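My questions all concern the structure below.
The values are calculated or read from the model by the stated rules, or taken from the named source; none is laboratory data. Quick caveat, the model's predicted, so the values are computed rather than measured. Glycine also receives a Cβ, built like all others from the backbone with ideal geometry; neighbour counts cover every protein chain displayed. The area values use the complete protein model at the heavy-atom level, side chains included, leaving out ligands, DNA and RNA. Shrake-Rupley method; radii C 1.70, N 1.55, O 1.52, S 1.80 Å.
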Amino acid sequence: MLQSFFGSDHSPIFPLKSMIPETSFSTMAGDLRPTTAKAITMGRYYGQATLVEPFNMVIEPALFSVTGDIPQYLPPKWTVHVQPEGQRYFFKDTDIRIVSMNNVYDPKVLEKIDYWTEKLMDILDKQAFSLSDDIELFLQIEGVDCHYYFVNHRTHVEFWLDDNLSTDELGIDPVVSASHLKLAQHELYWVHVELFPVHLRSFAPHILEELIGYFSQGWADQLTSSNSTNPYSAQQCAEFVKLLRSVQGQPQDSNTRWIVGRLWALAFQQRFRTHYGEQVVQLCRNQSILVDRYGSNVRESRVVDILMSLLTFKASDGYVSRLNALHVDWISYEYDWKLFMKKCLNDWKYMSCLAFLSPLSYYAINTMPTLLFLSMFSGFCFSASFISSILLIHRHESLENGTAGEAANYLGAVRSKNFKFQWVAFVYALPKTFLFWGIIGSICNCLFGVAALCDGGTSLTSPTCIYYFCGTTSFCLLAIIAFQDVTSDQKILQFPSFHWRRSSKQESVSLAV
């Protein structure tokens, strides 16, 4: 498999044993471990940073005024660079190009790097591989172990030398084919470019042109559809295109190469997740193409769905549908998540205000006779609506500006193995559900009061009062059903309808994108 990364037509080719001078090393116990550029990135951004303690320093006369820097001496052919984000790294420009973030100024660190480099060259020699000048080796010394990977600047892939190395060991998601795995290797290569851009040669113009084309296509896709698989909004894509065009045609520096590396890594991450170029590909974001992790038969419980729909007046149905659309194949999109969270928080704030103000309606009916248990039921529902709104706001306000990764992690954590998002949707719908039940209790209390007044007395249990209550309740129920039939596509009553043929000029035509 590795032979495809090397070509006899690609020169120059160097003999492996001549790359490293003969050196005697002390005995070093440790393992040579494959890693990835993404793993290095995660450790650098999210790992525990080494703590330093600043100190007061004596300033020498005319410091930096002549030489501009304090000379520090590196071993032959080693150079030090600082990438745009500020991370220092070292590069060795020999027959085999080596990059490392370890402190090469330290002789002990340098000795370990030379030792593990020779070990890798021995492995390559035994496997009869030859390296071209497009191959670059990354080494990271951690204690007595050494982490490594290779990149090929011609084929734009990251690769390793271990036998029987699985994607799981490297933290790469499962794949469906070798071409699918290649997309992941492309992503890892561009992450490497982002990490170490200073010493690299300039890219060919088509690299930048293809990247502009990728975001231009995503821009158009977002403008013309509502379920694009591009992870960025139309405005974000437009900003990326503007940014890339600003550096197009300019002399390439480390900042330009960093930009290209970061954006190509994101592009290939999206292509890997949507199975770009595979037999089965995700063409819209609400289309599932993967077997569910919990099994292919995972479906929402129909019984639970009906019960929740009835109890919540279908408020939970919308949340179930939206949550399922936000987490297709365990992938989430940042700006969709932000819009969803913003709407949820606004709805819960609105429900809390209504739940707080609704009990004031009792002051308007305190002159009418009321049933105590209905009053208590309404008060409980209004209180529950207010409290559940506050708790939901408190729990989710930190997620309003969450990233795609944070959204995917949260949704994956709350997703039930047997019920998917049904219980989460039910909890989300509690403020509106309790508010509706509180309003229903208040209306029933009002209807009993009206019935008692129509009966000419204050008894709520007289037959006439009950007849009035049943009549007014039936009228209100029919009004609700009629409203449902007029405003919804799900009809409850089937009234006879008359159809007539419209003229072609009056027919409306809809264009579905």
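Considering each residue of the stretch 318-330, count those that are closer than 19 Å to A234 by Cα and either at pLDDT below 90 or open to solvent by 20 Å² or more (accessible area, probe 1.4 Å) (or both), and give that number. Quick ask: steps written out before the conclusion?
Start the filter on the stretch 318-330 by keeping residues that are closer than 19 Å to A234 by Cα, which leaves 326.
After this cut, where a residue has to be either at pLDDT below 90 or open to solvent by 20 Å² or more (accessible area, probe 1.4 Å) (or both) as well, the list is none.
The total comes to 0.
Just wondering, is there one or more residues in the stretch 268-275 that are surrounded by 14 or more Cβ atoms within 10 Å (Cβ to Cβ), closer than 20 Å to Q185 by Cβ and over 16 Å from the mean Cα position of the chain (by Cα)? Even if it seems obvious, please write down each step before you answer.
Step one: list which residues in the stretch 268-275 are surrounded by 14 or more Cβ atoms within 10 Å (Cβ to Cβ), which gives 268-275.
Okay, now just the ones that are also closer than 20 Å to Q185 by Cβ, so 268-275.
When the remaining residues are screened for being over 16 Å from the mean Cα position of the chain (by Cα), the result is 275.
Yes - at least one qualifying residue is present in the stretch 268-275.
State whether the residues of the stretch 159-178 include one that is surrounded by 14 or more Cβ atoms within 10 Å (Cβ to Cβ), assigned to a strand (DSSP E or B) and within 28 Å of the chain's Cα centre (by Cα).
Yes, that holds for at least one residue.
Just the residues that are open to solvent by less than 30 Å² (accessible area, probe 1.4 Å) and part of a helix (DSSP H, G or I), please, taken from the stretch 425-446.
So the first thing to find is which residues in the stretch 425-446 are open to solvent by less than 30 Å² (accessible area, probe 1.4 Å), and the list is 425, 428-429, 431, 433, 435, 438, 441-442, 445.
A425, Y428, P431, T433, L435, G438, G441, S442, N445 - these are the residues of the stretch 425-446 that are open to solvent by less than 30 Å² (accessible area, probe 1.4 Å) and part of a helix (DSSP H, G or I).
For N346, state whether it is at pLDDT 90 or above, closer than 30 Å to A234 by Cα and in contact with a strand residue (DSSP E or B) (Cβ under 8 Å, 6 or more places away or on another chain).
Working: at pLDDT 90 or above: yes; closer than 30 Å to A234 by Cα: yes; in contact with a strand residue (DSSP E or B) (Cβ under 8 Å, 6 or more places away or on another chain): no.
Judged against the criteria, N346 is not a match.
When residues of the stretch 276-289 are filtered for being on the phi < 0 side of the Ramachandran plot, open to solvent by less than 80 Å² (accessible area, probe 1.4 Å) and not β-branched (V, I, T), how many remain?
The first filter runs over the stretch 276-289 and keeps only residues on the phi < 0 side of the Ramachandran plot, leaving 276, 278-289.
Those left that are additionally open to solvent by less than 80 Å² (accessible area, probe 1.4 Å): 278, 281-282, 284-285, 287-289.
In the following step, the residues that additionally are not β-branched (V, I, T) were identified as 278, 282, 284-285, 287-288.
Final tally of qualifying residues: 6.
Looking at (1) closer than 20 Å to W160 by Cα; (2) surrounded by 10 or more Cβ atoms within 10 Å (Cβ to Cβ); (3) modelled with pLDDT under 90, which one does L63 not meet, given that it meets all the others?
(1)
Here's a check for you: in the stretch 359-400, which residue that is modelled with pLDDT of 75 or more, more than 39 Å from the chain's Cα centre (by Cα) and of a type in the set (G, A, S) is surrounded by the most Cβ atoms within 10 Å (Cβ to Cβ)?
For the stretch 359-400, the residue satisfying everything is S378.
Let me ask something else about it. Read through the list (1) open to solvent by 40 Å² or more (accessible area, probe 1.4 Å); (2) outside any helix (DSSP H, G or I); (3) not polar (S, T, N, Q), then give the number of the only condition that K182 fails.
(2)
Scan the stretch 111-118 and tell me whether some residue there is assigned to a strand (DSSP E or B), touching a residue at least 40 places away in the same chain (Cβ under 8 Å) and open to solvent by less than 40 Å² (accessible area, probe 1.4 Å). First the steps, then the outcome.
Narrowing the stretch 111-118 to residues assigned to a strand (DSSP E or B): none.
The answer is no; no qualifying residue exists.
Could you run through the stretch 87-104 and say how many residues are within 14 Å of P75 (Cα to Cα), open to solvent by 60 Å² or more (accessible area, probe 1.4 Å) and free of Cβ contacts under 8 Å to residues at least 60 places away in the same chain?
So the count comes out to 1.
Output the number of residues of the stretch 179-216 satisfying the condition of being without any contact (Cβ under 8 Å) to a residue 12 or more places away in the chain and closer than 24 Å to H275 by Cβ.
2
Being assigned to a loop (DSSP other than H, G, I, E, B) and under 20 Å from the mean Cα position of the chain (by Cα), is that true of even one residue in the stretch 241-259?
Step one: filter the stretch 241-259 for residues assigned to a loop (DSSP other than H, G, I, E, B), giving 248-253.
Narrowing the set further to residues that are under 20 Å from the mean Cα position of the chain (by Cα) leaves none.
Scanning the stretch 241-259, I find no residue that is assigned to a loop (DSSP other than H, G, I, E, B) and under 20 Å from the mean Cα position of the chain (by Cα), so the answer is no.
Of all residues in the stretch 384-402, which are within 18 Å of K432 (Cβ to Cβ) and of a type in the set (A, V, I, L, M, F, W, C)?
Within the stretch 384-402, the first condition is being within 18 Å of K432 (Cβ to Cβ), and the residues that meet it are 384-396.
Those that are within 18 Å of K432 (Cβ to Cβ) and of a type in the set (A, V, I, L, M, F, W, C): A384, F386, I387, I390, L391, L392, I393.
Please work out which one of (1) of a type outside the set (A, V, I, L, M, F, W, C); (2) surrounded by fewer than 19 Cβ atoms within 10 Å (Cβ to Cβ); (3) closer than 18 Å to A315 by Cα; (4) modelled with pLDDT of 70 or more is the condition T403 fails and give its number.
Status for T403: all satisfied but (3).
Can I ask one more? Determine which single condition P197 fails, assuming it passes every other condition in (1) open to solvent by less than 30 Å² (accessible area, probe 1.4 Å); (2) in contact with a His (Cβ under 6 Å, 6 or more places away or on another chain); (3) part of a loop (DSSP other than H, G, I, E, B).
Status for P197: all satisfied but (2).
If you go through the stretch 180-202 one residue at a time, how many are among the hydrophobic types (A, V, I, L, M, F, W, C) and under 21 Å from L290 (Cα atoms)? Steps first, answer last, please.
Filtering the stretch 180-202 for residues among the hydrophobic types (A, V, I, L, M, F, W, C) gives 181, 183-184, 188, 190-191, 193, 195-196, 198, 200.
Right, trim to under 21 Å from L290 (Cα atoms) and you get 181, 183-184.
Final tally of qualifying residues: 3.
If I ask for residues that are under 29 Å from V82 (Cβ atoms) and more than 21 Å from the chain's Cα centre (by Cα), which ones from the stretch 212-239 would you list?
Correct list: I212 only.
If you go through the stretch 231-251 one residue at a time, do you hit one that is crowded, with 20+ Cβ neighbours inside 10 Å, at pLDDT 95 or above and closer than 21 Å to Y333 by Cβ?
yes
Would you confirm whether or not the stretch 340-351 contains a residue that is open to solvent by 40 Å² or more (accessible area, probe 1.4 Å), more than 30 Å from N445 (Cβ to Cβ) and among the aromatic types (F, W, Y)?
No; the residues of the stretch 340-351 include none that is open to solvent by 40 Å² or more (accessible area, probe 1.4 Å), more than 30 Å from N445 (Cβ to Cβ) and among the aromatic types (F, W, Y).
Taking the stretch 381-424 as the search range and keeping residues that are in a helix (DSSP H, G or I) and hydroxyl-bearing (S, T, Y), which one is nearest to Q270 (Cα to Cα)?
Y410
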